[in-house]
Amino acid sequence: MKILVIGLDCAAPEILLGDESLPNIRQLMALGGYGRLESVVPPITVPAWMCMATSRDPGSLGAYGFRNAVDRSYDRLKVIDADWFRAVNVWDQVAMQGGRSVLLGVPPSYPPKRVNGVRVGCFLTPDTTAGEYTAPPDVADEIEGLVGPYPVDVDDFRTEDKDRLRDDILEMTGKHFEVARHFLRTRDWDYFQLVEIGLDRMHHGFWKHHDPRHVRHDPASPYRDVVRDYYRYLDHEIGTLLELLEEDTLVLVLSDHGARPLDGGFCINEWLLEEGLLALEGPYPDTPTPFEELAVDWSATRAWSAGGYYARIFMNVQGREAEGVIPVDGYDAARAELRRRLEATVGPDGEPLGTRVFVPEEVYETVNGIAPDLIVYLGDLAWRAVGSVGHGSIHIPGNDTGPDDCNHAQHGAFVLAGPGIPAVGELQGVRLLDMAPTLLELAGYDVPDSMQGRALPLGVGPAGPGRDRDPEDERTVRERLAGLGYIS
């Protein structure tokens, strides 16, 4: 059986699964199973898509965000690329059993590592007009002959020029789906996955115009329908892919995480300064200054943070960091106390933020690489972690990288349909890590022992083209799912 995976980066379950004006998504929902999809900690595009593909959590992959510490120095955060990941993924398993794959924009895919088939770079590709962004390299000429210059992302999506941003996203997405249709028609494939980054960019650029819950929502905004209209456009494009499929194809539409309103920026290193946990050598900066440019007094610093949609807290431990101050035998108590203080953080009016703090050893099966000591969802992701110092305040209206309306949410969404899958409806408690083993098992491939998720028990009997759906089979699957807690 063939597998088609349509990744919609940042798709919100309340829209994808709740909007009746998405006919192609609704048809897939009616034919199979769907529901909210629990992402990983943290719910970030990188590493989440590779967590999905490998069915391994970030700790096991040693990947905790777009940038990762490469050693115990104070300033070496490296942007992750495709070479970072070594675990067996779903297309590796397909290849080991003789199958071919097409991968379009699956992060991270730069540099473009060779696959048994075709790979096209994701939004992390520096420049598609210079250097290789496809494997094999000559695929780039084929793409450019089809759509011209190939955009892997839009320029400057944190902008106030909303007309330009909307138009650029639509143009980019149109080219992505045109290339997808081309490869569906022209390549021999067994596994096909594309990830559309445009939805993430739409959310970050237009969420306050869309969502009445947003603190800066304007119901009269001329951009109030941009997000909804884009979902409808995506649904149409998805329909054009479905029309090209053979009957013996398993279809999964999913997102790596969801979306939620962003209330503002929480200046995490400012907070650490106020708490007496971070110290500077010189005077407090006159203007907002990136943390990497600050003169930090490491001999008086107990903790510091990298900013982003969540905060990564690193602690300064004796014998581990070069100028560590926290005694090794006091580390656990110091981390527990810092966790307590972070969970007690408050908003600009003194109200509890509801911050959630994760200890890597508690949430990951294994902790590899240089993990942060704590992972922090400020206001449960209602607030972005701002790493720079010099704002004169802990709370700021936005962030330090430009206009941004949206943060990531812990739950994305999935819709799964195909031969042999009864119409089981909404499923509960499904995780991003469950997707790869589910796809492999349903399509008849072996599931690697390295995968941490569990295959959803959806199939009954041999799946194949034209197989009638037996009501008794559907009852059996429903009983199986209810027994495992997926449906009630």
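The values are calculated or read from the model by the stated rules, or taken from the named source; none is laboratory data. Just so it is clear, the structure is predicted and the values come from calculations on it, not from any experiment. With ideal geometry, Cβ positions are generated from the backbone for all residues, glycine too; neighbour counts draw on all protein chains shown.
So here's what we get for this one:
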| item | result |
| --- | --- |
| Odd one out for Asp449, checked against (1) in contact (Cβ under 8 Å) with a residue 40 or more places away in the chain; (2) more than 20 Å from Gln193 (Cβ to Cβ); (3) not assigned by TED's automatic domain parsing to the domain that holds Ile313 | (1) |
| Flag for Pro43 being out of contact with any Pro (no Cβ under 9 Å at 6 or more places or on another chain), within 22 Å of Gly387 (Cβ to Cβ) and not hydrophobic (A, V, I, L, M, F, W, C) | yes |
| So Phe192, is it surrounded by 15 or more Cβ atoms within 10 Å (Cβ to Cβ) and assigned to a helix (DSSP H, G or I) | no |
| Whichever residue in the stretch 157-199 is under 19 Å from the mean Cα position of the chain (by Cα) and modelled with pLDDT under 95 and, among such residues, is nearest to Ala436 (Cα to Cα) | Phe157 |
| Elements of type strands (runs of 3 or more DSSP E) in the stretch 270-362, at least 1 residues being touching a strand residue (DSSP E or B) at 6+ places or on another chain (Cβ under 6 Å) and of a type in the set (Lys, Arg) | 311-315, 356-358 |
| Flag if Glu275 is touching a residue at least 60 places away in the same chain (Cβ under 8 Å), surrounded by 12 or more Cβ atoms within 10 Å (Cβ to Cβ) and either over 22 Å from Arg384 (Cα atoms) or assigned by TED's automatic domain parsing to the domain that holds Asn68 (or both) | no |
| In the stretch 118-148, the residues that are among the charged types (D, E, K, R), surrounded by 13 or more Cβ atoms within 10 Å (Cβ to Cβ) and out of contact with any helix residue (DSSP H, G or I) (no Cβ under 9 Å at 6 or more places or on another chain) | Glu144 |
| Test: residue in the stretch 416-430 that is closer than 25 Å to Glu247 by Cβ and under 17 Å from the mean Cα position of the chain (by Cα) | no |
| Residue satisfying all of: in the stretch 1-41; of a type in the set (A, V, I, L, M) and in a loop (DSSP other than H, G, I, E, B); farthest from Arg187 (Cα to Cα) among these | Val41 |
| Members of the stretch 379-396 found to be part of a loop (DSSP other than H, G, I, E, B) and either surrounded by 19 or more Cβ atoms within 10 Å (Cβ to Cβ) or aromatic (Phe, Trp, Tyr) (or both), listed by number | Ala382, Gly387, Ser388, Ile394 |
| Any chance Leu244 is outside any helix (DSSP H, G or I), in contact (Cβ under 8 Å) with a residue 60 or more places away in the chain and either assigned by TED's automatic domain parsing to the domain that holds Pro422 or aromatic (Phe, Trp, Tyr) (or both) | yes |
| Selection from the stretch 206-233 of residues that are within 25 Å of the chain's Cα centre (by Cα), of a type in the set (Asp, Glu) and outside any helix (DSSP H, G or I) | Asp211, Asp225 |
| Verdict on Asp400 being at negative phi and assigned to a loop (DSSP other than H, G, I, E, B) | yes |
| Those strands (runs of 3 or more DSSP E) lying entirely in the stretch 77-189 with at least 2 residues over 22 Å from Leu8 (Cα atoms) | 77-79 |
| Of all residues making up the stretch 61-72, the number that are more than 15 Å from the chain's Cα centre (by Cα), modelled with pLDDT of 90 or more and assigned to a loop (DSSP other than H, G, I, E, B) | 3 |
| Test for Tyr150: is it touching a residue at least 40 places away in the same chain (Cβ under 8 Å) and hydroxyl-bearing (Ser, Thr, Tyr) | no |
| Residue in the stretch 460-480 that is modelled with pLDDT under 95, in a loop (DSSP other than H, G, I, E, B), buried (at least 18 other Cβ atoms within 10 Å of the Cβ) and in the same structural domain as His203 (by TED's automatic domain parsing) present | yes |
| Hey, Ala413 touching a residue at least 60 places away in the same chain (Cβ under 8 Å), under 26 Å from Gly59 (Cα atoms) and surrounded by 23 or more Cβ atoms within 10 Å (Cβ to Cβ) or not | yes |
| Extreme residue, surrounded by the fewest Cβ atoms within 10 Å (Cβ to Cβ), among residues of the stretch 285-328 that are at pLDDT 95 or above and of a type in the set (Phe, Trp, Tyr) | Trp298 |
| Members of the stretch 329-358 found to be of a type in the set (D, E, K, R), under 25 Å from Val70 (Cα atoms) and surrounded by fewer than 17 Cβ atoms within 10 Å (Cβ to Cβ), listed by number | Asp329, Asp332 |
| Verdict on Val386 being in contact with a Gly (Cβ under 7 Å, 6 or more places away or on another chain), farther than 22 Å from Arg302 by Cα and either of a type in the set (Val, Ile, Thr) or free of Cβ contacts under 8 Å to residues at least 40 places away in the same chain (or both) | no |
| Residue match in the stretch 82-103 (condition: surrounded by fewer than 18 Cβ atoms within 10 Å (Cβ to Cβ), over 27 Å from Val477 (Cβ atoms) and acidic (Asp, Glu)) | yes |
